[in-house]
Amino acid sequence: MGKDIARHASIKAYKKVLEELNAKMGGDADMLTLSLNRAAEGLEKRRMQAAAEAARPNSDYSLGIKLLQASDNGDAVAVLSKVIAASPCHYPAYFFRGLAYVNTGQYSKALADFRQASLLSPEPADAFYYQSYLLQKLRRSEEAYVPMLKAVEANPDNVNYRVLYAGLLEGDGRWAEAKRQYRRVLEINPDMVEVYDWIERVDRKEAENAALEVQRSMQILERQSQMLQVYTQTMTNLSGSVSPSGASSSGTGSSASGVPSGRSRESIQRDLDKAKKLLSDMTKNQERDSSLVDLQIYNGMIQRQEQKIYELEEELRLAE
């Protein structure tokens with residue numbers, strides 16, 4: 001009876017804990033949903049504000065565009081920065097200041113501006129395109145895929161987007177996907193005949209890479225063949241100095257009972273020196289080829305050679 005009461009009390013306690021945990025998780029989920037909704041609402045408000053700011057006539061913005069067109073990039077940055085300070089959601093000012101930064105080699109600042117423009121612009125495809133381009137320039141190609149895909153998704157018939165995307169895939173060694181994108185470019189614009197040369201270039205790279213893979217495989221096979229030759233030679237040396245019964249081929253050998261073999265100390269010492277030299281050579285080969293799977297072969301050979309040295313040392317001791 002007492003055990004049942006205790007068991008029911010434990011179950012009740014566990015249920016209460018689970019209820020509290022579920023309530024907390026539900027509350028956390030509600031808070032997360034609320035936070036995401038607020039963030040989306042805030043972004044939507046900023047986009048509406050950005051559209052209003054971009055629609056208003058702005059003499060500084062017009063001046064900044066003229067300076068950019070005249071390749072006066074430094075003054076264009078200064079004037080467009082003034083526009084952004086007065087109108088923080090003016091997405092065209094971010095975009096064109098980003099171009100001015102690109103022209104002056106300030107890629108990190110340009111990237112930040114294009115990201116801001118893509119957040120605020122109702123048509124962010126170009127901003128995504130430049131983000132991908134700059135990430136590749138900054139040697140951050142692994143980050144360039146997401147904005148590139150967004151640009152292609154927003155404007156799938158833009159050949160510039162497709163060409164940059166294909167180049168990104170080509171640089172990453174994704175040959176089949178790169179050729180697929182280049183062929184899509186030809187579908188959009190059959191007059192871009194230079195794309196045929198690009199496809200042939202990818203074919204050459206793919207063939208060269210396949211040849212390199214074959215060469216690497218041949219090198220591995222050659223090293224394994226060398227390992228097998230060393231193993232065969234070593235086993236030949238071992239069989240030449242030790243008979244199947246464990247006796248030395250140059251004499252009667254020492255018996256398993258520890259009876260002296262009757263060989264001279266000089267003869268035993270010569271065999272011992274040879275055995276130690278062979279062990280040294282085997283150890284060096286093992287260290288040199290430690291990355292190969294065949295290392296286990298060496299381990300077994302070394303153990304047998306160590307046993308042989310021990311037996312010769314015993315034979316030498318008994319011969320004294």
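The values are calculated or read from the model by the stated rules, or taken from the named source; none is laboratory data. Just so we're clear, the structure is a prediction, and the values are computed from it rather than from any experiment. Heads up, the Cβs are rebuilt from the backbone with ideal geometry, glycines too, and the neighbour counts pull from every protein chain shown. Note: accessible area is taken over every heavy atom of the protein model, side chains too, but ligands, DNA and RNA are not part of it. Shrake-Rupley method; radii C 1.70, N 1.55, O 1.52, S 1.80 Å.
Is it the case, given these coordinates, that Tyr129 is under 20 Å from Tyr94 (Cα atoms), crowded, with 22+ Cβ neighbours inside 10 Å and either touching a residue at least 24 places away in the same chain (Cβ under 8 Å) or in contact with a Phe, Trp or Tyr (Cβ under 8 Å, 6 or more places away or on another chain) (or both)?
Judged against the criteria, Tyr129 is a match.
Look at segment 156-170 and say how many of its residues are loosely packed, with under 13 Cβ neighbours inside 10 Å and within 29 Å of the chain's Cα centre (by Cα).
1
Yes or no: segment 296-313 includes at least one residue that is outside any helix (DSSP H, G or I), modelled with pLDDT under 75 and under 21 Å from Gln229 (Cα atoms).
Looking for residues that are outside any helix (DSSP H, G or I), modelled with pLDDT under 75 and under 21 Å from Gln229 (Cα atoms), one finds none in segment 296-313, hence no.
Among the residues of segment 84-126, how many are open to solvent by 50 Å² or more (accessible area, probe 1.4 Å), in a loop (DSSP other than H, G, I, E, B) and within 22 Å of Asp157 (Cα to Cα)?
Counting residues in segment 84-126 that are open to solvent by 50 Å² or more (accessible area, probe 1.4 Å), in a loop (DSSP other than H, G, I, E, B) and within 22 Å of Asp157 (Cα to Cα) gives 2.
Look at Ala100 and say whether it is hydrophobic (A, V, I, L, M, F, W, C), touching a Leu at 6+ places or on another chain (Cβ under 7 Å) and under 24 Å from Leu169 (Cα atoms).
When the stated conditions are applied, Ala100 does not pass them.
I'm trying to understand the selection: among the residues of segment 184-194, which are free of Cβ contacts under 8 Å to residues at least 24 places away in the same chain and either surrounded by 14 or more Cβ atoms within 10 Å (Cβ to Cβ) or within 22 Å of Glu142 (Cα to Cα) (or both)?
Arg184, Leu186
If you go through segment 132-155 one residue at a time, how many are farther than 25 Å from Met192 by Cα, open to solvent by 10 Å² or more (accessible area, probe 1.4 Å) and either part of a helix (DSSP H, G or I) or modelled with pLDDT of 95 or more (or both)?
4
Taking the criterion of being part of a helix (DSSP H, G or I), touching a helix residue (DSSP H, G or I) at 6+ places or on another chain (Cβ under 9 Å), at pLDDT 80 or above and not aliphatic (A, V, I, L, M), would at least one residue in segment 207-229 satisfy it?
Yes, segment 207-229 contains at least one residue that is part of a helix (DSSP H, G or I), touching a helix residue (DSSP H, G or I) at 6+ places or on another chain (Cβ under 9 Å), at pLDDT 80 or above and not aliphatic (A, V, I, L, M).
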